[in-house]
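These notes are about the structure you will find just below.
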Amino acid sequence: QVRLVESGGGLAQAGGSLRLTCTASGRSFNTYTMGWFRQAPGKEREFVAGNSWSEGTHYADSVKGRFTVSRDKGRSTTYLQMNSLKPEDTAVYFCATKVNGGRVHVENTYPYWGQGTQVTVSS
């Protein structure tokens, strides 16, 4: 059974940084795609960043140059380093995983999700 657990959320000031961690368990994730999504209050969940063996790393335009996604050598842990945070980055952040490598940014292609971690950025 695949299980994803996010950690590292919290409160940050605008311009500050946070690093989110997503730890996956239940099988080998060496070839799995890992994605990060977020959902702000009153808004739909949106793609933030993702990494796959076939497509490499992709970022939403809103976070390019500020956020960096990486994975550990065993590829079961993925990180989202968030720098230069803005109040509009406030959201619940979710990690997700899937077997296939395509359409990294498409939410409904991911069958496995973590519970989410709250990120709040104050101005």
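Using every pair of alpha-carbon atoms in the chain, split the distances into 5 Å bins beginning at 0 and state the percent of pairs per bin, rounded to integers.
Whole-percent P(r) values from 0 Å outward: 2, 12, 24, 26, 19, 10, 5, 1, 0.
First obtain the Kirkwood hydrodynamic radius of segment 70-123 from its Cα pairs, then insert it into the Stokes-Einstein equation at 20 °C and 1.002 mPa s, and state the resulting D in µm² per second as a whole number.
Answer, rounded: 164 µm²/s.
May I ask what percent, to the nearest 5, of DSSP beta bridges between residues of the chain are antiparallel?
In the chain, approximately 90 percent of DSSP beta bridges are antiparallel ones.
Express the accessible area of segment 53-123 per residue in Å², computed with a 1.4 Å probe while the remaining protein chains stay in the model.
50 Å²
May I ask you to list the chymotrypsin sites (Phe, Trp or Tyr not before Pro) in segment 21-52 that are in a DSSP loop and have at most 14 other Cβ atoms within 10 Å of their Cβ?
Answer by residue number: there is no such site.
So between R27 and W53, what do we pick up on full extension, going 0.36 nm a residue minus the alpha carbon distance?
Taking R27 through W53 to full extension adds about 7.7 nm, to one decimal.
Assuming R0 = 22 Å, can you tell me the calculated FRET efficiency for the pair L11 and K64, based on Cβ-Cβ distance, to the nearest 0.05?
For R0 = 22 Å, the calculated efficiency reads 0.40.
Please compute the contact order of the chain in relative form: average sequence separation of alpha-carbon pairs under 8 Å and at least six residues apart, divided by the residue count, as a percent.
Answer for the chain is 37 percent.
Considering only DSSP states other than H, G, I, E and B, which GluC sites (Glu not before Pro) in segment 1-84 qualify as loop sites with at most 14 other Cβ atoms within 10 Å?
E44, E55
What are the extents of the Cα atoms of segment 1-47 along their three principal axes, listed from largest to smallest and rounded to whole Å?
37, 23, 16
For segment 39-96, just list the percent of Cα-Cα distances falling in each 5 Å bin from zero outward, please.
The calculated distribution, bin by bin, is 4, 16, 28, 27, 15, 8, 2, 0.
The values are calculated or read from the model by the stated rules, or taken from the named source; none is laboratory data. These figures come from a predicted structure and were not determined experimentally. Ideal geometry is used to build each Cβ from the backbone, glycine not excepted, and the neighbour counts take in all protein chains shown. Heavy atoms of the whole protein, side chains included, go into the accessibility calculation; ligands, DNA and RNA do not. Shrake-Rupley method; radii C 1.70, N 1.55, O 1.52, S 1.80 Å.
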